[in-house]
1. Exactly one condition in (1) within 20 Å of Pro181 (Cβ to Cβ); (2) assigned to a loop (DSSP other than H, G, I, E, B); (3) of a type outside the set (Lys, Arg) is not met by Pro19; state its number.
2. So if I check each of Asn35, Asn68, Asn76, which one is within 17 Å of the chain's Cα centre (by Cα) and over 30 Å from Tyr201 (Cα atoms)?
3. Would you tally the residues in segment 41-53 being farther than 12 Å from Ser31 by Cα, surrounded by fewer than 15 Cβ atoms within 10 Å (Cβ to Cβ) and not small (Gly, Ala, Ser)?
4. For segment 22-38, name all the residues that are in a loop (DSSP other than H, G, I, E, B), exposed (fewer than 15 other Cβ atoms within 10 Å of the Cβ) and of a type outside the set (S, T, N, Q).
5. Quick test for you: out of Ser47, Ser87, Ser80, pick the one residue that is touching a helix residue (DSSP H, G or I) at 6+ places or on another chain (Cβ under 9 Å) and part of a strand (DSSP E or B).
6. Could you list, in sequence order, all residues of segment 51-77 that are out of contact with any helix residue (DSSP H, G or I) (no Cβ under 9 Å at 6 or more places or on another chain) and either of a type in the set (A, V, I, L, M) or assigned to a strand (DSSP E or B) (or both)?
7. What pairs can you find where one residue is in segment 220-236 and touching a residue at least 24 places away in the same chain (Cβ under 8 Å) and under 18 Å from Pro251 (Cβ atoms), the other is of a type outside the set (D, E, K, R) and part of a loop (DSSP other than H, G, I, E, B), and their Cβ atoms are less than 7 Å apart, with a gap of 6+ or different chains?
8. So which of Val58, Val83, Val50, Val69 is of a type outside the set (Gly, Ala, Ser) and under 30 Å from Arg191 (Cα atoms)?
Amino acid sequence: MTRSKLLIDIDGRSYSADPDAGICIALPLQSGSANPKAWNVDDPLFSPVVAGDFTGSVREGAPVNFFNVQFNPHGNGTHSESVGHISADPWPVYKAIGSGYSLARLISLQPRQDGSDHYISREQLEGISLQNCSALIIRTLPNHPSKKTQDYSGRNPAFIDPDGMKLIAKAGIRHLLIDTPSVDKENDEGRLSAHKIFWNYPEQPRKDASITEMIFVEDSCPDGLYLLQIQIPCFELDAAPSRPFIFPLSPA
């Protein structure tokens, strides 16, 4: 049986990736509290449609499962967002994501501490090679499994310092992924400085750029280069739940 491969050239060297060997770095969204969340949103709720004598659950005697789903894409689980998140002009996130693959660098960083703030600094990012990369994946340390169900509301989780975000934007990163609920401080008085820097808003908004938050990258994935694909539904909305995959690279 012939297996297909994805081929990519990086600095004159050829690499391949197995399209069937993608590693999902999204957290599955489920009904109830066993999800990461932020911003004091309610837990996701998956509930069967009730109409007269009909209840849309096979367990309750229906011929099919027929459920409503209630959640907030920014506050419940892994999600991606576009510049429409901070713009009065709507811009659906699926248009920012596109349909192809990106060369991504995965890095692991211990956020620095200043009082009650924990943040990724410019100094931590300066020594990282982002040449040829259009995506950056940040895994914060320690990488505890509690991230999978953490309620970040009111906990002032780690964020990216605006000076650090300037470096990321200047490097041409189009897709930024992080395992925290926001690239900005939880309570920044509405400035959203890191978001605005990344999307170059309002000067010349980068409509082809996305931010993905509340991912989880297992320790078994070493830092380094990967191919990235972000799967996302066609919501006409600035944010949607997403399913990013990373594909390990091997010399071709």
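1. Every condition holds for Pro19 apart from (1).
2. Numbers: Asn68 fails: within 17 Å of the chain's Cα centre (by Cα); Asn76 fails: over 30 Å from Tyr201 (Cα atoms).
Checking each option against the conditions leaves just Asn35.
3. 3
4. Scanning segment 22-38 gives Pro28, Gly32, Ala34.
5. Working: Ser47 fails: touching a helix residue (DSSP H, G or I) at 6+ places or on another chain (Cβ under 9 Å); Ser87 fails: part of a strand (DSSP E or B).
Step by step, each of Ser47, Ser87, Ser80 is checked, and only Ser80 is touching a helix residue (DSSP H, G or I) at 6+ places or on another chain (Cβ under 9 Å) and part of a strand (DSSP E or B).
6. Of the residues in segment 51-77, the ones out of contact with any helix residue (DSSP H, G or I) (no Cβ under 9 Å at 6 or more places or on another chain) are 51-63, 66-72, 75-77.
Ala51, Phe54, Thr55, Val58, Ala62, Phe67, Asn68, Val69, Gln70, Asn76 - these are the residues of segment 51-77 that are out of contact with any helix residue (DSSP H, G or I) (no Cβ under 9 Å at 6 or more places or on another chain) and either of a type in the set (A, V, I, L, M) or assigned to a strand (DSSP E or B) (or both).
7. Here the result reads Leu225/Leu249; Tyr226/Leu249; Leu227/Tyr101; Leu227/Leu249, each pair linking segment 220-236 to a residue that is of a type outside the set (D, E, K, R) and part of a loop (DSSP other than H, G, I, E, B).
8. When all the criteria are applied, what remains is Val83.
FYI, it's all coordinate maths here, none of it is from the lab. Remember, predicted model here, so these are calculated numbers, not experimental data. Cβ coordinates were reconstructed from backbone atoms using ideal geometry, including for glycine residues, and neighbour counts include every protein chain displayed.
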